[in-house]
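Asker: Handing you a structure now.
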Amino acid sequence: MSNSTAKNPIIILPDVLVDQIAAGEVIQRPASVVKELLENSIDAGANRIEVVIKNAGKDLIRIVDNGIGMSSEALSLATQRHATSKIRELKDLERLNSYGFRGEALASIAAVSQLEIASIPAQENQGERRIWSGGKLETVEAFGGKSGTDIAVKNLFFNTPARRKFLKGKPTETRHITEQVVRVALSNPELRLKYSNDKKTILDLPSGDLKARIGAIFQKNYSQYLQEVNNKYQAMSLDGYVGNLNLVRKSKGEQYLFLNGRYIQNRLMNSAVFSVFRGLVKRSEYPFFVLNLQIDPAEVDVNVHPTKIEVKFADEWRVYNFIKMFVAEALRDIIQTAPSFSPPVALQDSPKNAQFTISSHRSGKNPRLPEETQRLMFDSNYQSQKETDYLQKAQNFPEYFLEAQSDAPFECGNIWQIHNKYICAEIRNGIVIIDQHVAHERVLYEKAMQSFSETEVPAQQLLFPVVIEFSPEDYSILLDVLPFMKKIGFQMRNFGGRSVVLEGVPGEMRSGEEGKIIKQIIDYTKEYAMQNDPVQEKVAAAYACKGAVKAGDPLTKEELQALVDQLFATEEPYFCPHGRPIVVNYSLDEIDKRFERT
């Protein structure tokens, strides 16, 4: 026996500690509680659910539903580990269509909170309320009302302070909760769902169809930019919507893939959609989609991760090609009219120009596809080199280094623009070439950073104020960055719900792009959310990047000179806020050598 074992003998952990440790696998943050409780409500047959949050879920998470409720006997078992109504034997795992099934959620929640459950079984008006604290049952009492379940989770992680300490700030935790609610809302459009945070209604969604639900969650005009996907082949089906190019964003976050109604994350299946857009969008742009894949549960392993968000497919490339095929079909008109874009092979006619049709669920028929197309789609061994390359991570831009000859501003003589992209200026001992976009970006960045420590920059009033509507996640981010945006010169006021009225913008901003630039700032903030830069630096960098003149913008000689003067008045004129070079300097000696004038 080792000395360490002798000093620390092996013991059986007490049940309470076991439950607290197990809770760490399932309950990682308040959003995890929301996810588990919402899924339980849906499994209970609820068609009306209300979600109430206080202090980003740290103080209260309350879920009220009108499901079938629980009897006193069921309540007594509900918070015990591995108590479930979904599984009786191992093979049941292969045919699961419900959400929760391990029976660990309520036990895990009860172990790290003060939990109250009041439930009344269907067709009855009398039920029971039970209260637990740290996993210990403290109160059992009668409860009257309508059938359904009311669960309140209070003081999450109160008995595990280390976990509570490492929760993120209120805005971040609220965004995670909102995302969970949105996922459930999109996968269950028939569900009447209300969600409020700190007494403010975030979502109030009537029951309806998916198209209307998308418009209610994001923006009303989303509906007009959606392409429907509604197809079936053999035992698989795919339905939902893909946004056209008007809904392409600069950041990820509006891509929702569901498997048998359950939200999943799967890089390969998401890339099936992205691959259709290849050639239509830039590498850093992402399409919008809400898609539900229906497949035999026996062909999927959902028992991979405690949160059940990651899955494994028995034949992943067959599923990949299935998704890719029918998303491409939904976007056929866009693809065929796009310049210099070659559609996926699976969409091209065979050498004999064989015709085929794509049948929907409503027809109940399988599509008639050419033999070679079916092989491409459903051959599990097929994987082109292009697909392999596409799945690899994009390489970071190489780092550039530029050695400045002098810290003094350049004294420019002749100055002109090259291809509406670069500024070329003559200096005493050669020439400099300046990237006009990143030069203006550096100017705007330093102006923004300076404004944060001073009084607000006077805004340029808009002749016609603009109303801008945001998705719940974007609106939450806007509230975080709004104080800094006001400092720069954005003037906004609430217009009800998740809308604001934009009344003023920074003087540097070109008119007509106000709403677009604000949303790009939000996208940028989301994209760099994991970096530890202060919020004001993210806002300044985003505003500078999105508000600067673009490559391709023509500038007058006066504008060229003004930009160069402003650039060399900044503290760091040689690099943009992202580290890219702004100025390339060619001395006369270098030019002479190129012409062999030695």
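The values are calculated or read from the model by the stated rules, or taken from the named source; none is laboratory data. Source: prediction; values computed, not measured. Every residue, glycine among them, receives a Cβ derived from its backbone with ideal geometry; neighbour counts consider all protein chains shown.
Asker: Can you list residue pairs whose Cβ atoms sit under 7 Å apart, with the first residue in segment 156-167 being closer than 18 Å to K136 by Cβ and the second being assigned to a helix (DSSP H, G or I)? Count only pairs 6 or more apart in sequence or on different chains.
Answerer: That search, which allows pairs on different chains as well, returns L156/P30; L156/V33; L156/G57; F157/R163; F157/R164; T160/Q20.
Asker: For S511, state whether it is at pLDDT below 85 and surrounded by fewer than 20 Cβ atoms within 10 Å (Cβ to Cβ). Spell out how you get there, then give the answer.
Answerer: Values: at pLDDT below 85: yes; surrounded by fewer than 20 Cβ atoms within 10 Å (Cβ to Cβ): yes.
Here the answer is yes, as S511 does meet what is asked.
Asker: Restricted to segment 216-235, and to residues that are in a loop (DSSP other than H, G, I, E, B) and within 21 Å of S471 (Cβ to Cβ), which residue is farthest from the chain's Cα centre (by Cα)? Spell out the reasoning first.
Answerer: As a first pass, look at segment 216-235 and keep what is in a loop (DSSP other than H, G, I, E, B): 218-219, 234-235.
Imposing the further condition that a residue be within 21 Å of S471 (Cβ to Cβ) reduces the set to 218-219.
Values: F218: 12, Q219: 16 Å.
This residue is Q219.
Asker: What about V182, is it part of a strand (DSSP E or B) and crowded, with 20+ Cβ neighbours inside 10 Å?
Answerer: no
The rows are residues; the columns are (1) touching a strand residue (DSSP E or B) at 6+ places or on another chain (Cβ under 9 Å); (2) of a type in the set (V, I, T).
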{"position": "I217", "(1), (2)": "yes, yes"}
{"position": "Q227", "(1), (2)": "yes, no"}
{"position": "A235", "(1), (2)": "yes, no"}
{"position": "L238", "(1), (2)": "yes, no"}
{"position": "R249", "(1), (2)": "yes, no"}
{"position": "E254", "(1), (2)": "yes, no"}
{"position": "S275", "(1), (2)": "no, no"}
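Asker: So I517 passes all but one of these: (1) touching a Lys or Arg at 6+ places or on another chain (Cβ under 7 Å); (2) buried (at least 21 other Cβ atoms within 10 Å of the Cβ). Which condition number does it fail?
Answerer: Tallying (1) touching a Lys or Arg at 6+ places or on another chain (Cβ under 7 Å); (2) buried (at least 21 other Cβ atoms within 10 Å of the Cβ), I517 fails exactly one: (2).
Asker: For the list (1) within 18 Å of the chain's Cα centre (by Cα); (2) under 30 Å from N494 (Cα atoms); (3) not in a loop (DSSP other than H, G, I, E, B), I need the number of the one condition that F258 fails.
Answerer: Unmet condition: (2).
Asker: Now a separate question. Inspect segment 155-165 for any residue being at pLDDT 90 or above, assigned by TED's automatic domain parsing to the domain that holds V52 and closer than 27 Å to Y263 by Cβ and give the result as yes or no.
Answerer: Yes, the conditions are met somewhere in segment 155-165.
Asker: Give the number of residues within segment 552-567 that are over 11 Å from Q417 (Cα atoms) and either crowded, with 17+ Cβ neighbours inside 10 Å or at pLDDT 90 or above (or both). Break it down into steps so the answer makes sense when it comes.
Answerer: Restricting attention to segment 552-567, the residues satisfying the condition of being over 11 Å from Q417 (Cα atoms) are 558, 562-567.
This time we only want the ones that are either crowded, with 17+ Cβ neighbours inside 10 Å or at pLDDT 90 or above (or both), so: 563-564, 566-567.
Total satisfying the criteria: 4.
Asker: Here are F143, F101: which of them is among the aromatic types (F, W, Y), crowded, with 18+ Cβ neighbours inside 10 Å and modelled with pLDDT under 95?
Answerer: Values: F143 fails: crowded, with 18+ Cβ neighbours inside 10 Å.
Only one candidate qualifies: F101.
Every residue, every condition in (1) touching a residue at least 12 places away in the same chain (Cβ under 8 Å); (2) of a type in the set (K, R); (3) out of contact with any Asp or Glu (no Cβ under 9 Å at 6 or more places or on another chain); (4) assigned to a helix (DSSP H, G or I), yes or no:
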| residue | (1), (2), (3), (4) |
| --- | --- |
| V33 | yes, no, yes, yes |
| I42 | yes, no, no, yes |
| V52 | yes, no, yes, no |
| V64 | yes, no, no, no |
| M70 | yes, no, no, no |
| L75 | yes, no, no, yes |
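Asker: Does any residue of segment 553-569 turn out to be within 30 Å of S251 (Cα to Cα), among the small types (G, A, S) and without any contact (Cβ under 8 Å) to a residue 60 or more places away in the chain?
Answerer: No, there is no match, as no residue in segment 553-569 is within 30 Å of S251 (Cα to Cα), among the small types (G, A, S) and without any contact (Cβ under 8 Å) to a residue 60 or more places away in the chain.
Asker: Please indicate, with yes or no, whether at least one residue in segment 254-265 is of a type in the set (D, E, K, R), more than 23 Å from I295 (Cβ to Cβ) and at pLDDT 95 or above.
Answerer: No; the residues of segment 254-265 include none that is of a type in the set (D, E, K, R), more than 23 Å from I295 (Cβ to Cβ) and at pLDDT 95 or above.
Asker: Pick out the one residue from G496, G504 that is more than 16 Å from V539 (Cβ to Cβ), assigned to a loop (DSSP other than H, G, I, E, B) and either under 26 Å from the mean Cα position of the chain (by Cα) or not aromatic (F, W, Y) (or both). I'd like the intermediate steps shown before the answer.
Answerer: Numbers: G504 fails: assigned to a loop (DSSP other than H, G, I, E, B).
The match here is G496.
Asker: Please report, ordered by residue number, the strands (runs of 3 or more DSSP E) entirely within segment 381-470 with at least 3 residues that are at pLDDT below 90 and among the hydrophobic types (A, V, I, L, M, F, W, C).
Answerer: 460-469
Asker: Counting just the residues of segment 569-586 that are out of contact with any Leu (no Cβ under 9 Å at 6 or more places or on another chain), surrounded by 13 or more Cβ atoms within 10 Å (Cβ to Cβ) and at pLDDT 85 or above, which one comes out nearest to A541 (Cα to Cα)?
Answerer: Result: T570.
Asker: Okay, next question. Kindly indicate the residue of segment 217-226 that is crowded, with 19+ Cβ neighbours inside 10 Å and either touching a helix residue (DSSP H, G or I) at 6+ places or on another chain (Cβ under 7 Å) or without any contact (Cβ under 8 Å) to a residue 24 or more places away in the chain (or both) and also nearest to P472 (Cα to Cα) among those meeting that condition.
Answerer: I217
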